[in-house]
Amino acid sequence: LCFSALPALFKEELRDEEAEEGKTVTLCCELTKPASVEWKKGPTVLRPSEKYKMRQKDVTAELVIHSLTEGDA
């Protein structure tokens, strides 16, 4: 018997969010099964910091961006 596991897919994809400069915004996505999520802005992988907080529980992943600037668009 030979089989390969199906990859995790987006069940609910990211939606555009509007927020004011200097405020905080939370981006959220839902996967079809638990899997590790890597957040990127263009080719740059985002790392946890004062600006970026990542949370993941089961199939839901969140990215919280603090102190928004125009460059976060």
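The values are calculated or read from the model by the stated rules, or taken from the named source; none is laboratory data. Note that the structure is predicted; figures quoted are calculated from it, not measured. Cβ sites come from the backbone with ideal geometry, for glycine too, and all protein chains shown count toward neighbours. The area values use the complete protein model at the heavy-atom level, side chains included, leaving out ligands, DNA and RNA. Shrake-Rupley method; radii C 1.70, N 1.55, O 1.52, S 1.80 Å.
For the peptides 6-13, 32-39, the ranking by mean Cβ contacts within 10 Å, running from highest to lowest, is 32-39, 6-13. Annotation for residue 73 and residue 32: the two label points, set 7 Å from Cα along the Cα-Cβ direction, are 3.5 nm apart.
Each of the peptides 19-26, 59-66 was scored by the mean count of other Cβ atoms within 10 Å over its residues; in descending order, highest first, they stand as 59-66, 19-26.
At full extension, residue 52 and residue 16 could sit 11.2 nm farther apart than now, given 0.36 nm per residue minus the alpha carbon distance.
May I ask you to rank 67, 49 by accessible area, largest first, using a 1.4 Å probe over the protein chains only?
Numbers: 67 75, 49 50 Å².
Most to least solvent-accessible, the answer reads 67, 49.
Working from Cα pairs under 8 Å separated by at least six residues, relative contact order for the stretch 15-72 is 45 percent.
Could you state, as a whole-number percent, how many of the C-alpha pairs of the chain are farther apart than 18 Å? Walk me through the numbers on the way to the answer.
Values: 1198 of 2628 pairs.
The answer is 46 percent, as a whole percent.
When 16, 58, 72 are compared by accessible surface with a 1.4 Å probe, the order from highest to lowest is 16, 58, 72. Here the stretch 15-72 has 46 percent of its accessible surface on carbon and sulfur atoms, given a 1.4 Å probe and all protein chains in place.
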